[in-house]
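The values are calculated or read from the model by the stated rules, or taken from the named source; none is laboratory data. Computed from a predicted structure; not experimentally measured. When we count neighbours, we look across all protein chains shown, and the Cβ atoms used for this are built from the backbone with ideal geometry, even at glycine. We work out accessible area using only protein heavy atoms, side chains counted, and drop any ligands, DNA or RNA first. Shrake-Rupley method; radii C 1.70, N 1.55, O 1.52, S 1.80 Å.
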Amino acid sequence: MEISERSLQEQICEIGQRAVRYGLVKAISGNISARLPGADRFWITATGTALDALTPDDLVCVDLNGHVCGGSHPPSSEHQLHLAIYQRRPEINAVVHLHPPLATVVGTALGEVRPMTFEGNYFLGDVAVVPPILPGTQEVAQAAAEASDGSRVLVLQHHGSVCLGEDLEEALYRSIELEETCRLIVIARAIGAEVYLPGWAVERMRGHRYREGT
Ligand code: 13P
């Protein structure tokens, strides 16, 4: 079904509310963007906005050359990261950057996020962990875009998550599943266990995962 730019904007606002409701981000942090399939511009949250109180007026249009093309506020400080991903991945239409506590701790402390459940593996696939780089820089944008070559789920160490999708729902589902996966990892470690999905299952599921593809 084709959607209009206006309804895309409304979806961004709704996804922001749901991300906060799921505890994936707090206060005025995180940012969300989306574009219509095939479009050469995307809409992104303005810098300093609360994701649970967004209105379409809080969104800014940025074209694929990085120029602001609509909206009345400055774009998110991470707009270069969103831009770099859209430039590199034509099939990606949504980027959700959040600060989920457990994913941030696990990705930073362990340097990897490996699903423990079949469902986690189904929704996440391979999770990329990006080393610590200052937020809002061209360097973090470049590193995230390169990491997205093999994954739609990234953890930026000491920072947060970046989940990609062909639409906003997909990017949000991945963000939720990432946090759930990390919750299970923390619980397992709390009882002294280190449990991951067996390698044979990861191999057997390749090619059979949620919207698999790089
Ligand atoms: P913005 O408010 O500029 O989007 O920044 C929030 C954030 O989470 C930066 O990583």
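Other residues within the sphere of radius under 15 Å centred on the Cβ of His208, judged by their own Cβ, net out at 0 (K and R +1, D and E -1).
Rg and Dmax of the range 90-177, based on Cα coordinates, read 11.9, 36 Å. Note on Val186 and Trp200: the model spin-label points, each 7 Å out from Cα along the C-beta direction, lie 3.3 nm apart. For the range 105-214, the set of GluC sites (Glu not before Pro) satisfying both a DSSP loop assignment and a count of at most 16 other C-beta atoms within 10 Å is given as Glu112, Glu166, Glu194, Glu212. The label-point distance for Lys26 and Asp126, in a model that sets each label 7 Å from Cα toward Cβ, rounds to 3.4 nm. For the range 58-214, the ratio of Cα radius of gyration to the globular rule of thumb 2.2 N^0.38 Å stands at 1.06. In this Cβ point-charge picture (+1 for Lys and Arg, -1 for Asp and Glu), the range 68-204 has a dipole of about 240 debye about its Cα centre. Computed extension length for Ser72-Glu112: 10.5 nm, one decimal, from 0.36 nm per residue of separation with the Cα-Cα distance subtracted.
Using Cβ point charges alone (K and R +1, D and E -1), the dipole size of the range 1-146 about the Cα centre works out to roughly 200 debye. Rounded to the nearest 0.05, the FRET efficiency derived from the C-beta distance between Ile3 and Ala53 at R0 = 22 Å is 0.45. Neighbours of Thr181, meaning other residues whose beta-carbon lies under 11 angstrom from its beta-carbon, give a summed charge of -1 when Lys and Arg score +1 and Asp and Glu score -1. Electrostatic bookkeeping for Leu81 treats Lys and Arg as +1 and Asp and Glu as -1; over the other residues with beta carbon under 13 Å from its beta carbon, the sum is -1. For the chain, give me the percentage of DSSP beta bridges that are antiparallel, rounded to the nearest 5 percent. Among the beta bridges of the chain, antiparallel pairing accounts for roughly 85 percent. Using only Cα atoms and rounding to the nearest 10 degrees, what angle (0 to 90) does helix 79-88 make with the longest principal axis of the chain? Between helix and principal axis, roughly 80 degrees.
Projected onto their three principal axes, the Cα atoms of the range 5-145 cover extents of 42, 30, 28 Å, largest first. For the chain, the share of accessible area belonging to carbon and sulfur comes to 54 percent (1.4 Å probe, ligands and nucleic acids excluded).
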